[in-house]
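S.K.: Starting off with a structure, shown below.
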Amino acid sequence: MDIKNLFEVELPAALAAKAKEVREVNATFQVNVTGVGEWNIDATSSGPSVTPGQGKAACTITIAQADFEKLMTDPSKAMTMFFTGKLKLAGNQMLAMKLTKLLDLKK
């Protein structure tokens, strides 16, 4: 899986295509994939956008590259990864469920 391409090409295109639906999420996210990169996702009325680097976020997710790839293949592993410390959440943890929906838009 090309994670950089996901966040820098595929996801921005998917969010733009469904901008109205994305803005209804009304949240900002920071996704940090260790060893690959960091991206800030704006799913508010001023978005949608995906920007490389750090930014203001209501929910921050930090995960290793291999674990992110597993998570994208099988989202049902999220809870196990969270409870074993492989998936770290900061801020509003309930928003993590909305991030999953945003990532699903690229399909």
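The values are calculated or read from the model by the stated rules, or taken from the named source; none is laboratory data. Keep in mind that what you see is a predicted model, and the values were worked out from it rather than measured. All Cβ positions, even for glycine, are placed from backbone atoms using ideal geometry, and neighbour counts span all protein chains on display. Surface accessibility is based on the protein's heavy atoms, side chains included, excluding ligands, DNA and RNA. Shrake-Rupley method; radii C 1.70, N 1.55, O 1.52, S 1.80 Å.
S.K.: Give me a count of the residues in the range 52-66 that are out of contact with any helix residue (DSSP H, G or I) (no Cβ under 6 Å at 6 or more places or on another chain) and either closer than 17 Å to Met1 by Cα or surrounded by 15 or more Cβ atoms within 10 Å (Cβ to Cβ) (or both).
M.R.: Looking only at that region, the number is 9.
S.K.: If you check Ser49, Ser76, which single one turns out to be of a type in the set (S, T, N, Q) and surrounded by 14 or more Cβ atoms within 10 Å (Cβ to Cβ)?
M.R.: Answer to the selection: Ser49.
S.K.: List the number of the failed condition for Gly91; all other conditions in (1) in contact with a Cys (Cβ under 6 Å, 6 or more places away or on another chain); (2) open to solvent by less than 40 Å² (accessible area, probe 1.4 Å) hold.
M.R.: Unmet condition: (2).
S.K.: Here is a further query. State which residue pairs qualify: first residue in contact (Cβ under 8 Å) with a residue 40 or more places away in the chain and closer than 15 Å to Pro48 by Cα and inside the range 96-107, second residue in a helix (DSSP H, G or I) and of a type in the set (D, E, K, R) in any location, beta carbons under 7 Å apart, and separation of 6 or more residues or different chains.
M.R.: Matching pairs, first to second residue: Lys106/Glu10.
S.K.: List the number of the failed condition for Leu103; all other conditions in (1) farther than 22 Å from Ala17 by Cβ; (2) surrounded by 13 or more Cβ atoms within 10 Å (Cβ to Cβ) hold.
M.R.: Failing condition for Leu103: (1).
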